[in-house]
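The values are calculated or read from the model by the stated rules, or taken from the named source; none is laboratory data. As the structure is a prediction and not an experimental result, all values here were calculated from the model. Here Cβ is always computed from backbone atoms with ideal geometry, including for glycine, and neighbour counts include all displayed protein chains. All accessible areas refer to the heavy atoms of the entire protein, side chains included, with ligands and DNA or RNA removed. Shrake-Rupley method; radii C 1.70, N 1.55, O 1.52, S 1.80 Å.
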Amino acid sequence: MIEINDLHKSYKMGSNSLHVLKGINFKAEAGELVAIMGSSGSGKSTLLNILGMLDGANSGEYTLDGVPIKDLSETKAAQYRNKFLGFVFQSFNLINYKSALENVALPLYYQGVPRKERQEKALKYLERVGLKEWATHLPSELSGGQKQRVAIARAMAAEPKVLLADEPTGALDSTTSYEVMDLIQKINDDGNTILVVTHEEDIAHMCKRIVHLKDGVIVEDKKVKQVRAEQYV
Amino acid sequence: MFNRDRWREILEVLTSNVGRTILTAFGVCWGIFILIVLLAAGKGFENGIRADFGDIATNTMFMWTRRTTKPYEGLPKDRSFEFKVSDVQAIWDNVPNLRFVSPRNHQGGTGGGNNVVRGIRTGAYSVYGDYPEIINQDPMTITSGRFLNYNDINERRKVAVIGRGVLNDLYEKDEEYLGTYIKIQGVNFMVIGSYKKNSNDGNGEDSQKEIFVPFTAFSQAFNRGEDVGWMAITAKDGSSISKLKDNIINVMRERHKVHPEDKRAIGYFDLYEQYNRVESLFVGLKAIAYIVGIMVLLSGIIGVSNIMLIVVKERTKEIGIRRALGEQPWSIKKQILMESIFLTIISGMVGIIFGSLVIYGINSLLDSVGPVDMFINPNVSVGVVSGALMILMISGLLAGFIPANSAIRVRPIEALRTE
Ligand SMILES: Nc1ncnc2c1ncn2[C@@H]1O[C@H](COP(=O)(O)OP(=O)(O)O)[C@@H](O)[C@H]1O
Ligand SMILES: [Mg+2]
């Protein structure tokens, strides 16, 4: 599903540059649930952003579901993001003047789905994350966990090939974190490919595979036995 | 393109900070208001001046004789001379594209002594010896009876057409006056008609106190012989009297042995030139109105542009989220542009409405206090209003252009990082 080869990324900081990713090779099959771990500043977000086509690499190859991703125009990138990818951020990134339902419907709007169908679909996904009753509420009226569940519903609404989550539990307490992980596991159970960036061991172990990032390279890549989050909820 | 979601979004954004939106709108509102009011004021002034010209045929010149200032062909300078009746035919023969050539004579006037008597009543009036065509050059409305005709001219009938002012002075109210006689300088003339002139200028009263008699009868009654006091000459539509003027004057110089370089011997007043000068004044006024209005409007537009930039800045993160979710850059651009156009047009319409209310108010005021010199019925045409809306549309587009571009210049990744 995802394949990257010898990926390099450096940030220019005035005259000197910061080499963040120093040749990443990585492959993920459809249906995988991968945790990307590493200490703060190790380049996890950078990697995820490149995978999410929000940022470009300096060199290396990236193929998503057989489509080579290279030198995309902003228009094309937006199209691919909309079609292939769902994002979940640490800070939820919901649009604060739109209701939960409208937030979830947003990616469908950009796909040109008619209004009625859009709302039905959005409601279906809100129901899946258990927030059907909160459809008309604004983000400010929701708790952190609820916001993240809305964000997950939004990411799933467009039925993407890959779900990218950057520290989805980073802003949540542990119980809420487990609820969110439970949801992510269930989405994965349905066959969706998911990449989760985290620096928390327990969260990482709720995935099926852990990739360790250190000093710009992958130092460890191992399959783990998935800990189900359900039991902690 | 103009779907419900977009409109909702525009309204959401503009109503999210109502105070700011109103302040922004004010700039554009004020600009278009000033533009409309200035244009209307210019129009009012124009109407006032035009009314001063009355109905007079503007493609007309008046020409009279003065003293020569150069000796010529053995004749001395300072010689005085008169136009003759035969000059009229000479002008017709030598100058093409003329419509009317009317010789005129005049005596009396409201400033002089009493020259008209009827029974025990007397008055001082301007008495003109005229040809029938004069009614086309100095238009008047015949309110009863008839105007002079060629039978009057040919038979030298002693008949007179009198103004309403004369009528009021010399006759009782409701008294029958057609067929009665008035005595002008001791000569009896029969009243055959009365007239009324449309003129709003200061001499409005005087222009109703005139008496028109046949040119030939005038000459005979007051011993003018073949002399012509002055001429009123009108060019055909499509040719301007200003261009024919030199030609006409040259014919007169030749006939009266005036030195070809003698500029002062023949006096004239070119109404057309005068009228054009006033016309260009109107054009100037309009230009000033447009320049001032558009300057103010421009500052309003810059205001809108600035606010939109701030809005875009505030929404950087939101725009980043939308782009991460797959909104196309052009779609974001369109959104910002539409917000800008919407804001500009709405505030412009408010300006137009307020402007129209002020103009309406001024008009009702003018109606209630009576006519004001040189200012009549200020107004703006539908054309101007729709032109203003056009300008607003373009302005909104311009105002939104920079913000819209800056909205998509920030890459989504950077937009998302700003916490
Ligand atoms: N836009 C940027 N410009 C410069 N440096 C950056 C930028 N983004 C990230 N970095 C730097 O790159 C390194 C990796 O960042 P990041 O991928 O966010 O780490 P992580 O998500 O693992 O904490 C950090 O040192 C960070 O300061
Ligand atoms: Mg990070």
Checking residue A:138 against (1) within 16 Å of ligand 2 (Cβ to nearest atom); (2) over 26 Å from residue A:28 (Cβ atoms), only one condition comes out false. Which one?
(1)
Looking at A:97, A:80, which one is more than 13 Å from ligand 1 (Cβ to nearest atom) and out of contact with any strand residue (DSSP E or B) (no Cβ under 9 Å at 6 or more places or on another chain)?
A:97
Could you tell me how many of the residues in segment A:201-222 are in a strand (DSSP E or B) and open to solvent by less than 10 Å² (accessible area, probe 1.4 Å)?
3
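Being small (Gly, Ala, Ser), more than 16 Å from ligand 1 (Cβ to nearest atom) and away from chain A (no Cβ under 14 Å), is that true of even one residue in segment B:407-415?
The initial filter retains those residues of segment B:407-415 that are small (Gly, Ala, Ser), namely B:407, B:415.
Then keep just the ones that are more than 16 Å from ligand 1 (Cβ to nearest atom); that gives B:407.
When the remaining residues are screened for being away from chain A (no Cβ under 14 Å), the result is none.
Checking segment B:407-415: not a single residue is small (Gly, Ala, Ser), more than 16 Å from ligand 1 (Cβ to nearest atom) and away from chain A (no Cβ under 14 Å).
Provide a single number: the residues in segment B:309-325 that are of a type in the set (Gly, Ala, Ser) and more than 12 Å from chain A (Cβ to nearest Cβ).
Of segment B:309-325, the ones of a type in the set (Gly, Ala, Ser) are B:320, B:324.
Still in the list and also more than 12 Å from chain A (Cβ to nearest Cβ): none.
Qualifying residue count for the region: 0.
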Which ranges mark the helices (runs of 4 or more DSSP H) fully within segment B:155-262 that have 3 or more residues being touching a Ser or Thr at 6+ places or on another chain (Cβ under 9 Å)?
B:164-170, B:204-207, B:241-255
Cβ-Cβ below 6 Å, separation at least six or inter-chain, first residue in segment A:160-188 and within 14 Å of chain B (Cβ to nearest Cβ), second open to solvent by 40 Å² or more (accessible area, probe 1.4 Å) and within 16 Å of ligand 2 (Cβ to nearest atom): which pairs?
A:166/A:45; A:166/A:90; A:167/A:90; A:170/A:90; A:171/A:90
Please find, among B:54, B:119, the residue that is at pLDDT 85 or above and either open to solvent by 20 Å² or more (accessible area, probe 1.4 Å) or in the same structural domain as residue B:301 (by TED's automatic domain parsing) (or both).
B:119
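Take segment B:121-150 and flag every residue that is touching a Pro at 6+ places or on another chain (Cβ under 9 Å) and of a type outside the set (Gly, Ala, Ser). Outline the logic, then answer.
In the first step, residues of segment B:121-150 are kept if they are touching a Pro at 6+ places or on another chain (Cβ under 9 Å); the result is B:129-132, B:147-150.
Listed by number, the residues that qualify are B:130, B:131, B:132, B:147, B:148, B:149, B:150.
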Checked segment A:7-36 for anything within 13 Å of ligand 2 (Cβ to nearest atom) and open to solvent by 10 Å² or more (accessible area, probe 1.4 Å); matches are A:20
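Residue by residue, here is whether (1) more than 30 Å from residue B:281 (Cα to Cα); (2) not in a helix (DSSP H, G or I) holds:
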position: B:44; (1), (2): no, no
position: B:49; (1), (2): no, no
position: B:64; (1), (2): no, yes
position: B:86; (1), (2): yes, no
Residue count for segment A:189-200, restricted to those that are more than 15 Å from ligand 1 (Cβ to nearest atom), touching a residue at least 40 places away in the same chain (Cβ under 8 Å) and either touching a helix residue (DSSP H, G or I) at 6+ places or on another chain (Cβ under 7 Å) or open to solvent by 10 Å² or more (accessible area, probe 1.4 Å) (or both):
3
Count of segment A:149-173 residues which are assigned to a strand (DSSP E or B) and away from ligand 1 (no atom under 16 Å from the Cβ):
2
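Please determine whether any residue of segment A:33-49 is more than 16 Å from ligand 1 (Cβ to nearest atom), of a type outside the set (Lys, Arg) and under 17 Å from the mean Cα position of the chain (by Cα). Give the steps one after another, and end with the answer.
Our first condition is that a residue be more than 16 Å from ligand 1 (Cβ to nearest atom); within segment A:33-49, this holds for A:33.
After this cut, where a residue has to be of a type outside the set (Lys, Arg) as well, the list is A:33.
Subset that is under 17 Å from the mean Cα position of the chain (by Cα): A:33.
Yes: segment A:33-49 contains one or more residues that are more than 16 Å from ligand 1 (Cβ to nearest atom), of a type outside the set (Lys, Arg) and under 17 Å from the mean Cα position of the chain (by Cα).
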Unmet criterion (only one of (1) among the aromatic types (Phe, Trp, Tyr); (2) under 38 Å from the mean Cα position of the chain (by Cα); (3) within 14 Å of another protein chain (Cβ to nearest Cβ)) for residue B:330
(2)
Just one of (1) within 14 Å of another protein chain (Cβ to nearest Cβ); (2) out of contact with any helix residue (DSSP H, G or I) (no Cβ under 9 Å at 6 or more places or on another chain); (3) of a type in the set (A, V, I, L, M, F, W, C) trips up residue A:20, so point out which.
(2)
Out of all the residues in segment A:12-21, which are on the phi < 0 side of the Ramachandran plot, within 13 Å of ligand 1 (Cβ to nearest atom) and more than 22 Å from the chain's Cα centre (by Cα)?
A:12, A:13, A:16, A:17, A:18, A:19
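Being farther than 21 Å from residue A:123 by Cα, of a type in the set (Val, Ile, Thr) and in contact (Cβ under 8 Å) with a residue 40 or more places away in the chain is the requirement here; does residue A:150 meet it?
no
Does segment B:14-31 contain any residue that is in a strand (DSSP E or B) and open to solvent by 20 Å² or more (accessible area, probe 1.4 Å)? Walk me through how you get there before you give the answer.
Of segment B:14-31, the ones in a strand (DSSP E or B) are none.
No: segment B:14-31 contains no residue that is in a strand (DSSP E or B) and open to solvent by 20 Å² or more (accessible area, probe 1.4 Å).
Please tell me if residue B:208 is over 25 Å from residue B:91 (Cβ atoms) and among the polar types (S, T, N, Q).
yes
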Given (1) within 9 Å of ligand 1 (Cβ to nearest atom); (2) in contact with a helix residue (DSSP H, G or I) (Cβ under 7 Å, 6 or more places away or on another chain), residue A:75 misses just (1)
